[in-house]
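*Asks:* This is the structure, below, for whatever I ask next.
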């Protein structure tokens, strides 16, 4: 029972006899003898085996461990494939949304440029003796000044973003 459990758990974790032997600081033939049932590890070694294989000693000693069935592996593989497809679809959707956000931002920036060009700074002709009008004119001028300096950089970034997120066929 111990010999079968060591073999089954070792294989289920994808370890060769040599890899298990290296982790336990023994020779491969010792692991082979344990798995054949021709020798038994002492209590200290049994604890080391349980730690390396991350399995309780009780499982190593008494409980039968069932080998993974081919059907179980196929079911897990099918589930992983579905998850991968869902993740790929989510990534495509995010990329598409980001693409349209970049396009929208480009349109908004160009529209604001057109509006500011058409207005030709109307606040310059306002009567600035009225404090409310003066504050409004300063706010409008500050927005225009900041927009004219920052918008070209943002526009270039969004155009690059549009090209980087476009659908490649």
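The values are calculated or read from the model by the stated rules, or taken from the named source; none is laboratory data. Please read these numbers as outputs of a predicted model, since none were measured by experiment. Virtual Cβ from ideal backbone geometry, glycine too; neighbours counted across all protein chains shown.
*Asks:* Looking at region 148-162, which of its residues are without any contact (Cβ under 8 Å) to a residue 40 or more places away in the chain and surrounded by 10 or more Cβ atoms within 10 Å (Cβ to Cβ)?
*Replies:* Scanning region 148-162 gives 148, 150, 152, 156, 157, 160.
*Asks:* Please find, within region 1-50, the residue that is nearest to the chain's Cα centre (by Cα) out of those that are buried (at least 16 other Cβ atoms within 10 Å of the Cβ) and not in a helix (DSSP H, G or I).
*Replies:* Per the criteria, the residue is 15.
*Asks:* Now a separate question. Taking the conditions exactly as written (touching a helix residue (DSSP H, G or I) at 6+ places or on another chain (Cβ under 9 Å) and either within 30 Å of residue 3 (Cβ to Cβ) or assigned by TED's automatic domain parsing to the domain that holds residue 18 (or both)), does residue 133 satisfy them or not?
*Replies:* no
*Asks:* Answer yes or no as to whether residue 105 is surrounded by 10 or more Cβ atoms within 10 Å (Cβ to Cβ), touching a residue at least 24 places away in the same chain (Cβ under 8 Å), out of contact with any strand residue (DSSP E or B) (no Cβ under 6 Å at 6 or more places or on another chain) and more than 30 Å from residue 162 (Cβ to Cβ).
*Replies:* In short, no.
*Asks:* Of the conditions (1) exposed (fewer than 12 other Cβ atoms within 10 Å of the Cβ); (2) within 30 Å of residue 150 (Cβ to Cβ); (3) within 30 Å of the chain's Cα centre (by Cα), residue 115 satisfies every one except a single condition; which number is it?
*Replies:* So residue 115 meets the others, but not (3).
*Asks:* Of all residues in region 127-147, which are within 38 Å of the chain's Cα centre (by Cα) and loosely packed, with under 14 Cβ neighbours inside 10 Å?
*Replies:* Within region 127-147, the subset within 38 Å of the chain's Cα centre (by Cα) is 146-147.
Correct list: 146 only.
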